[in-house]
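Contents: one structure, followed by commentary.
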Amino acid sequence: MNGQPVTSTLPTLRVVGFTRIVVGGATLVSAQTTTGGFTCGIITTGDMHCWGISWFGIRGNGTTGSMEAGLEPTLVGGGHQWADIAAGNYFLCAVAIDGIVHCWGDGDLGQLGNGLAGNPPDILVPAPVSGSANFRAISIGLAGGACALTLGNAVRCWGAGSFGRLGNGSEALSAVPVAVSGGHAFEALSTAYSGTCGVAAGSVYCWGYGTLLGLDGAPTPDDCGGNPCAKTPIPVSGGHSFRPIIAQAGNVVCAVATDDQTYLGNGAAGLSSTPAAVSGGLSFTSLAAGDGYHCGTVAAGAAYCWGANRNGRLGNGTTADALLPTAVTGGHAFVQLSAGQDHTCGVATDGNAYCWGGNDKGELGTRSQTASLTPVRVRLFPPASQ
């Protein structure tokens with residue numbers, strides 16, 4: 001007015017979108033009890049922020065932290081820009097945009113890939129994995145192992161080797177990456193408590209502890225202390241051709257076949273030793289696996305979850321278990337999901353991240369400790385008025 005510039009008094013909005021999110025739960029393996037949850041998200045700038053518990057330095061901000069709630073998201077240190085991330089039991093690994101994998105947290109089993117094992121100091125900020133270069137994806141199991149996929153579709157694994165879960169024909173621990181045997185060109189990977197499965201040329205291959213990987217339908221090639229196991233990748237039976245969409249946790253593997261059927265989750269309780277089709281006629285474009293449950297997205301972005309519904313982590317407004325895929329409420333269109341132990345999170349098409357389930361340690365990212373049976377938006381920054 002009157003030729004003078006107008007100065008807005010409205011608060012400056014910090015616009016940020018998420019590109020990737022991962023949830024984790026810290027478990028005392030000896031007691032099989034969950035001691036807290038955490039979440040990390042990559043945003044459009046390439047930065048990564050984490051919230052929830054920070055024990056063993058798992059939030060990557062240079063502090064050892066504690067099991068207390070962490071309501072304020074903190075920036076992961078190191079100054080890297082990130083492309084992919086995975087969470088394990090008290091440790092995380094992530095792929096930077098230059099293809100180098102970095103890990104941080106607890107490294108007792110060599111799972112940080114830095115050549116150290118036994119009782120080394122916790123790594124409090126991301127540190128590069130030995131010999132790491134040209135990786136594009138990372139997958140982690142709770143029991144202290146990690147596998148990464150190269151740009152050339154080879155797989156390297158490191159950490160605990162029991163039950164053959166490094167896939168190199170041995171049960172020995174390796175604190176540096178080792179090549180998975182077989183020469184398969186993998187397009188997708190998923191690592192669980194005691195093994196890994198991947199999709200190569202339309203087939204699913206698994207290695208590790210047999211009863212956790214659906215290998216019981218046929219004799220497993222190896223014996224690991226009296227337990228069935230596969231120390232190198234072996235094909236999953238069933239005669240199906242699979243897309244590079246796979247997720248596993250605990251004792252269940254799910255994968256999407258080229259006929260758009262998803263296998264397992266067929267409305268029946270108990271285990272299946274061979275692939276069984278998920279009921280409901282849904283064609284999933286992505287999958288996520290948590291402790292006793294799975295989630296997936298369809299082409300339009302709607303999310304569905306099924307399995308054990310502890311703390312409302314299925315996101316359907318109830319705590320009732322679901323034997324069949326059940327729609328996550330809220331009407332959000334998701335591009336990526338991550339399922340954990342007590343909570344679930346996803347990145348929506350508008351760049352917002354949403355979480356649901358347990359929130360004892362602030363893992364939902366709402367800056368509170370209030371649990372939610374339905375998706376609530378992650379608040380990376382406080383309101384402008386604060």
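Residue by residue through segment 145-165, note down the ones that are in contact (Cβ under 8 Å) with a residue 40 or more places away in the chain, farther than 18 Å from Y90 by Cα and in a loop (DSSP other than H, G, I, E, B).
L151, N153, R165
Which of the residues spanning segment 228-249 are more than 23 Å from the chain's Cα centre (by Cα) and not in a strand (DSSP E or B)?
Once the filter is applied, which keeps residues that are more than 23 Å from the chain's Cα centre (by Cα) and not in a strand (DSSP E or B), segment 228-249 yields S237, G238, G239, H240, S241.
So which residues in segment 66-93 are under 20 Å from P382 (Cβ atoms), at pLDDT below 90 and either part of a helix (DSSP H, G or I) or not hydrophobic (A, V, I, L, M, F, W, C) (or both), if there are any at all?
Listed by number, the residues that qualify are E68, G70, E72.
Would you please name the residue that is nearest to G37 (Cα to Cα), looking only at residues in segment 327-386 that are outside any loop (DSSP other than H, G, I, E, B) and out of contact with any Ser or Thr (no Cβ under 8 Å at 6 or more places or on another chain)? Spell out the reasoning first.
Let us first name the residues in segment 327-386 that are outside any loop (DSSP other than H, G, I, E, B), namely 327, 334-339, 343-348, 353-357, 372-377.
Of the ones still in play, those that are also out of contact with any Ser or Thr (no Cβ under 8 Å at 6 or more places or on another chain) are 327, 339, 348, 353-354.
Details: A327: 24, A339: 11, A348: 21, A353: 17, Y354: 15 Å.
By that ranking, first place goes to A339.
Regarding segment 298-309, can at least one residue be identified that is in contact with a Leu (Cβ under 7 Å, 6 or more places away or on another chain), free of Cβ contacts under 8 Å to residues at least 40 places away in the same chain and either crowded, with 24+ Cβ neighbours inside 10 Å or assigned to a loop (DSSP other than H, G, I, E, B) (or both)?
Yes: segment 298-309 contains one or more residues that are in contact with a Leu (Cβ under 7 Å, 6 or more places away or on another chain), free of Cβ contacts under 8 Å to residues at least 40 places away in the same chain and either crowded, with 24+ Cβ neighbours inside 10 Å or assigned to a loop (DSSP other than H, G, I, E, B) (or both).
Looking at segment 312-324, can you tell me whether even one residue there is crowded, with 16+ Cβ neighbours inside 10 Å, touching an Asp or Glu at 6+ places or on another chain (Cβ under 7 Å) and within 23 Å of K361 (Cα to Cα)?
Yes, that holds for at least one residue.
What residue, among those in segment 124-157 that are among the β-branched types (V, I, T) and closer than 21 Å to G182 by Cα, is modelled with the lowest pLDDT? Break it down stepwise before answering.
To start, the set of residues in segment 124-157 that are among the β-branched types (V, I, T) comprises 125, 129, 138, 140, 150, 155.
When the remaining residues are screened for being closer than 21 Å to G182 by Cα, the result is 138, 140, 150, 155.
On the way: I138: 97, I140: 94, T150: 97, V155: 97.
Looking at the filtered set, the residue picked out is I140.
The values are calculated or read from the model by the stated rules, or taken from the named source; none is laboratory data. Nothing here was measured: the structure is a model prediction, and the numbers come from that model. We place every Cβ from the backbone using ideal geometry, glycine too, and count neighbours over all the protein chains shown.
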